[in-house]
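Data block below; observations after.
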Amino acid sequence: MSTWVVFRREVAHYAGSPFAYLIAFAILVLTGLLFREELVATETTIPNPAVIPNALSFFMVVFAPLLTMRLVAEEKREGTLELLLTAPVPDGSIVIGKFLGAWFYYTIVIGITLLYQIALSSVTAPDLGHTIAAYIGIWLYGGATLSVGILFSALTENQIVAAFLSMVALFLLWLADLAGQVISNIDAARVVRALSLQGHYSTSFAVGLVRMEDMVFFLGIILIMIYLATRAVESNRWR
Amino acid sequence: MQKTITLTRGGLGAFFSLIGFGGIVSAAVLLIWGGFSTLVIAALIVGLIGMIAWWRLVPDDFRAFISGRSVRYGTATIFTTVLLVGIIVMGYLLIARAAVTWDLTISQRFSLTQTSLNVIQRVNRPIQISGFYTARAAGLREIDDQYWRLYETASDGMIRRQYYDPEEVPALAQQFGVTEDAQVFLSYLNDDGTIDYSLVARVFLTDQQESDMTLAISRLLVAGTLTVYFSTGFGERSPTDDTQEGISFINNGMRESGLVTLPLDIGALAAQGGDIPEDASALVFARPLRDLTSDEVAVIARYMDRGGSLLLLSDVLFNRIPFMDQGGEFNNWLWQNYGLRALNAAVIDFVTGQTTPLEIIGAAIYDETDFSENLDPATNPVLFRIARAIDVNLSIENTDISNGRLIRSSEQSYGETDLTTLGETNTYEIDETTDVPGPLILAAWAWNQRNDSRVFLIGDSDFASNGQVANVVGNGILFTNAMNWLSHLQDEVEFGAQGFSTGVPMFYSRDQLDTITFFVVFLIPTAVLIAGAAIWARRVRR
Amino acid sequence: MIEVENLTKKYGALTAVDRISFKTKPGEIVGLLGPNGAGKTTTMRMLTGFLPPTEGSARISGHDIDTDSIEARRAVGYMPERIPVYPDMTVRAYVTFWARLRGMRRPASQVDKVLKQVQLFDRRDTLIRHLSKGMRQRLGLAQALVHDPPVIILDEPTIGIDPQQVIEVRETVRALRANHTVLLSTHILSEAEHVCDRVLIINKGQIVAQGKPGDLREKLQGGALLYVEIGGATAKDAKALLAGIPNVTSVEKEDKGWRLRISTSVDVRGEVSKRIMSAGYTLLEMRAETTSLEAIFLELISKEGSAT
């Protein structure tokens, strides 16, 4: 109930914020360009049904921090956090509501990119199952990046610092996929890869396969990040 | 009294909390160090029972601890976070082990086809899939593993997969014959779980992992059960000769396909009145330099009556009586029994001739049989050098016999019968009275359905030499197609290529591309931007 | 209704609130009076459930703020010192948000009622960013009232707004008495006098005095102060002269003149000037000194010090 109230406020905020539309615009233009690129590159052959999710898997490193940086940091700076923490609701529901709001916004944006698939269907018969798997993957993947963003937003009062730190963190998580190129021991490389965001997307969802362990990974990341963010919000009571 | 009970309850709660943490932590440690085992489950269950008991006994303490309201805020947070991460990691590892996947691709790319399942069902001895991937190929390994683990699951453990880093275990890699990153091999396992190195088959990987693996497994299944003998003693090309003129490449290829290849001296056999061994699936004559004697023909005739297979590679010989001499006993026997014979004529082709009209390309194929698979002259032509014309009696009286042509020369070709001149001066001239008019047959087959005996006759042996096979793809395919049929390998491992519908190729007009570009790069983003601007404008006015 | 028992808050070595105990009755307006840094805000934050107390306990409408925190918070409406707002929300959306978050399912009519109460109903669709300081103050009040809590806690409700608005806010707060227990903090004595039924004076985290505002003033101030400067008299003569005036309880040297403490609120200025004239001295300066809150605290603290 309280989660729902916070969720609704966040969604209303995104819906009324020019900044949110600007980010959606940027995401759509970039994915649109890459989509066109793929069309041109694979003319007379078979286009990758996961091209847009694949592009988003990198874009989210940049956009997730921008979407989440204000979530808690702003409340802290404006002092509304004090009021939120005196409301008769568990601290977790505030964080969860905010997270779900951001995730919902993200869902709408990637939902819009599904329109591109309609365009694709007009010139070929894409493997829609493959596309759906990739979208499920990128949806969870996006949720995980947003949860990382919300943690950093909860850790600092400064939005820019929050955005920068979460960008760095996400970039490292993204990059860890390439661990094998620098780590010569394959087991170590695989462990590092298993910790990366890409490692649970590029070799499964992106090729049309939904693995339960990858879903557990992303949901686990979300769970841990939200738990930590809740604790960070709660820590405002202790100082 | 009441107080004593309360104290006991609290103490018991603390005791169970310790058991809970201890159990979960040791389960995680065991799992990470020792892999999955019943011990891990036991520790996990003990841990969970401890936690639940703690929670049931002193719910307030438990809640206070979990929500971090207990004594020291920071420490408790770290502890509960570690606990949460531990539980998630453990759940992740357990689920990763269970390998629960959903293949959403319409082509069902990550699900085994019935063909593969049939092949797996025939596995009756443990097989190991040995993958050699370095850290650089970790991503590739992950993708391949999605396929390999399907085999492990479907075979109920009969097929297991094991990965090695070739840089970590170079000796083992060498033993398997690893030459580059991301190679995969199949081998049987001994009863004690060690690898049986006597049969190691490489899996030839394309981007269709399932069909590659299933093919490799079915080859391994027949490996050692099919033996092909190479005739020796008549000056044939040697299967162990790795020079340009040798045929070691095709020999190695046959071995990699799971065939056993052995030499056999027909001359000695005939002299002793012996027979071709019982296990012979096929017998290869790779350009003997003399024709067969009556005794030798009798040996072959007996072998063929048992349902044998013959691969005959016969070249033009310029200055001596050739193998399968026209009018010779063996050639006549073949003509009568199978409707196949060699002619004493060299094929001269003015259309397909490469450097000379003697070095020719098969101009056309007859594609009524499987032999023609992948042998379209336009894409995979077969290159012959001084080929011998052969002849097929398509209207042979024996109704048990089916036979047919496979490759012919062009219309602008003929068979030069003056071989002495050709050999000595390297000149040729059409003599319409003696020469054979084209087009001429270069490869043909025959089958006796009564005893399942098979013959494949090719009027050239150079095509199978190392120098040619290595350079001309079609040559290898011709040999493989013929050998798969003759050796019965095809009967064992044949299955329709994995029905991959990898997708429909995309075709569009310029107009369509422009429309799509307008739609995705301009229309949709701009619509979003306008919606944003409208809302912003409305807000500003308030 | 608020019951506080030995409530203590320590920040490391610093004790911000030190064993405070008090009780309020329903329908009572209680003022927390004290200088900056006295522990008013910390006390309020503990009562609203924002900060957990280090020691002691408090109950809001019978719910313990530590063990039954959610219920206790439900019973409180809180307006922090700096009004926290979401500038991008409309007035109505903002109040509705807080109403919902505090558990109201259909808050629309209640929101309208509260907005009328704080005279923001006409502005209900305005974005908060366009509101003036005073309006924001009333908005803060609206969010604290909207869920109709039995206890309302207001931290410095009149700080930083113009006098006309101060009067409005005070009136609104006074009107709350009918249905709510109000705890408000202030550092302005007159405000406490005007609004509160009872005042608790806090210094250095401790309650140093409490009672009805009028009684407290009498008790603390113990009369007025008068500053007098006399020309042409020796210090000894001047002091004797001044001390001899009726109702003057003490005379102290201050700067170039003297500070007289007058026992009651009698106006002694006429008498003072008359006596100085008749003694042949010159009255150079005479002014009544207002007792600032700080002076009262000084007084209280020195009294406490001498008592112990």
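The values are calculated or read from the model by the stated rules, or taken from the named source; none is laboratory data. Being a predicted model, the structure only gives us computed values, none of them experimental. Methodologically, a virtual Cβ is constructed for each residue, glycine included, from the backbone with ideal geometry; neighbour enumeration extends over all protein chains shown. With ligands, DNA and RNA removed, areas are computed over all heavy atoms of the protein, side chains included. Shrake-Rupley method; radii C 1.70, N 1.55, O 1.52, S 1.80 Å.
When you look at B:ILE390, is it of a type in the set (Val, Ile, Thr) and either touching a Ser or Thr at 6+ places or on another chain (Cβ under 6 Å) or assigned to a helix (DSSP H, G or I) (or both), yes or no?
Working: of a type in the set (Val, Ile, Thr): yes; either touching a Ser or Thr at 6+ places or on another chain (Cβ under 6 Å) or assigned to a helix (DSSP H, G or I) (or both): no.
No, not satisfied.
A residue that is closer than 30 Å to C:THR126 by Cα and within 11 Å of chain A (Cβ to nearest Cβ) can be found somewhere in region C:50-61.
Listed residues C:PRO26, C:PRO52, C:PRO35; which is at pLDDT below 90, under 18 Å from the mean Cα position of the chain (by Cα) and not in a helix (DSSP H, G or I)?
Numbers: C:PRO26 fails: under 18 Å from the mean Cα position of the chain (by Cα); C:PRO52 fails: under 18 Å from the mean Cα position of the chain (by Cα).
C:PRO35 is the lone residue from the list that is at pLDDT below 90, under 18 Å from the mean Cα position of the chain (by Cα) and not in a helix (DSSP H, G or I).
Collect the residues in region A:193-218 that are part of a loop (DSSP other than H, G, I, E, B), open to solvent by 10 Å² or more (accessible area, probe 1.4 Å) and free of Cβ contacts under 8 Å to residues at least 24 places away in the same chain, keeping them in residue-number order.
Step one: of region A:193-218, the residues part of a loop (DSSP other than H, G, I, E, B) are A:196-197, A:201-204, A:208.
Then keep just the ones that are open to solvent by 10 Å² or more (accessible area, probe 1.4 Å); that gives A:202.
None; the set is empty.
Where strands (runs of 3 or more DSSP E) fall entirely within region B:287-381, those with at least 1 residues that are of a type outside the set (A, V, I, L, M), at pLDDT 85 or above and out of contact with any strand residue (DSSP E or B) (no Cβ under 7 Å at 6 or more places or on another chain) are at B:340-349.
Just so you know, in region A:158-189 the residues that are at pLDDT 85 or above and small (Gly, Ala, Ser) include one that is most open to solvent (accessible area, probe 1.4 Å), and it is A:ALA169.
For region A:1-37, name all the residues that are touching a Pro at 6+ places or on another chain (Cβ under 7 Å) and open to solvent by 40 Å² or more (accessible area, probe 1.4 Å).
Start the filter on region A:1-37 by keeping residues that are touching a Pro at 6+ places or on another chain (Cβ under 7 Å), which leaves A:25, A:28-29, A:32.
Residue satisfying the conditions is A:PHE25 alone.
Of note, B:LEU186 satisfies the criterion of being more than 14 Å from chain A (Cβ to nearest Cβ) and open to solvent by less than 30 Å² (accessible area, probe 1.4 Å).
Specify the residue that is farthest from C:TYR94 (Cα to Cα); the eligible residues are those in region C:129-147 that are outside any helix (DSSP H, G or I) and touching a strand residue (DSSP E or B) at 6+ places or on another chain (Cβ under 8 Å).
Initial filter on region C:129-147 (outside any helix (DSSP H, G or I)): C:131-132, C:146-147.
Now restrict to residues that are touching a strand residue (DSSP E or B) at 6+ places or on another chain (Cβ under 8 Å): C:146-147.
Values: C:VAL146: 11, C:HIS147: 13 Å.
The selected residue is C:HIS147.
Residues checked against (1) touching a helix residue (DSSP H, G or I) at 6+ places or on another chain (Cβ under 9 Å); (2) of a type in the set (Gly, Ala, Ser); (3) open to solvent by 20 Å² or more (accessible area, probe 1.4 Å); (4) part of a helix (DSSP H, G or I):
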site	(1), (2), (3), (4)
A:VAL62	yes, no, yes, yes
A:LEU66	yes, no, yes, yes
A:LYS76	yes, no, yes, yes
A:VAL89	yes, no, no, no
A:GLY97	yes, yes, no, yes
A:TRP103	yes, no, yes, yes
A:THR107	yes, no, yes, yes
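When B:GLY415 is tested against (1) outside any strand (DSSP E or B); (2) touching a residue at least 40 places away in the same chain (Cβ under 8 Å); (3) not aromatic (Phe, Trp, Tyr), only condition (1) is not met. In summary, B:PHE79 fulfils each of the numbered conditions (1) modelled with pLDDT of 80 or more; (2) more than 10 Å from chain A (Cβ to nearest Cβ) with the single exception of condition (1).
Within region C:1-38, being open to solvent by 10 Å² or more (accessible area, probe 1.4 Å) and within 17 Å of C:HIS187 (Cβ to Cβ) holds for C:ALA16, C:PRO35, C:ASN36, C:GLY37.
Does B:ARG255 meet the test of being assigned to a helix (DSSP H, G or I), under 26 Å from B:ALA171 (Cα atoms) and either in contact (Cβ under 8 Å) with a residue 24 or more places away in the chain or open to solvent by less than 50 Å² (accessible area, probe 1.4 Å) (or both)? For B:ARG255, the condition - assigned to a helix (DSSP H, G or I), under 26 Å from B:ALA171 (Cα atoms) and either in contact (Cβ under 8 Å) with a residue 24 or more places away in the chain or open to solvent by less than 50 Å² (accessible area, probe 1.4 Å) (or both) - is not met. Annotation: A:ASN54 fulfils all but one of (1) buried (at least 24 other Cβ atoms within 10 Å of the Cβ); (2) more than 10 Å from chain B (Cβ to nearest Cβ); (3) polar (S, T, N, Q); the unmet one is (1).
Please work out if A:ALA26 is farther than 26 Å from A:ASP177 by Cα, hydrophobic (A, V, I, L, M, F, W, C) and either without any contact (Cβ under 8 Å) to a residue 60 or more places away in the chain or in contact with a Cys (Cβ under 8 Å, 6 or more places away or on another chain) (or both).
Numbers: farther than 26 Å from A:ASP177 by Cα: no; hydrophobic (A, V, I, L, M, F, W, C): yes; either without any contact (Cβ under 8 Å) to a residue 60 or more places away in the chain or in contact with a Cys (Cβ under 8 Å, 6 or more places away or on another chain) (or both): yes.
For A:ALA26, the condition - farther than 26 Å from A:ASP177 by Cα, hydrophobic (A, V, I, L, M, F, W, C) and either without any contact (Cβ under 8 Å) to a residue 60 or more places away in the chain or in contact with a Cys (Cβ under 8 Å, 6 or more places away or on another chain) (or both) - is not met.
Residue pairs whose Cβ atoms lie under 9 Å apart, sitting 6 or more positions apart in sequence or on different chains, and linking a residue in region B:277-293 that is farther than 16 Å from B:LEU334 by Cα and polar (S, T, N, Q) to a partner that is open to solvent by 60 Å² or more (accessible area, probe 1.4 Å) and part of a loop (DSSP other than H, G, I, E, B), are B:SER281/B:THR225. Closer than 29 Å to A:THR124 by Cβ, aliphatic (A, V, I, L, M) and touching a Pro at 6+ places or on another chain (Cβ under 8 Å) - does that describe any residue in region A:76-90? Among the residues of region A:76-90, not one is closer than 29 Å to A:THR124 by Cβ, aliphatic (A, V, I, L, M) and touching a Pro at 6+ places or on another chain (Cβ under 8 Å), which makes the answer no. Annotation: B:GLY139 fulfils all but one of (1) within 10 Å of another protein chain (Cβ to nearest Cβ); (2) touching a Phe, Trp or Tyr at 6+ places or on another chain (Cβ under 9 Å); (3) crowded, with 18+ Cβ neighbours inside 10 Å; the unmet one is (2).
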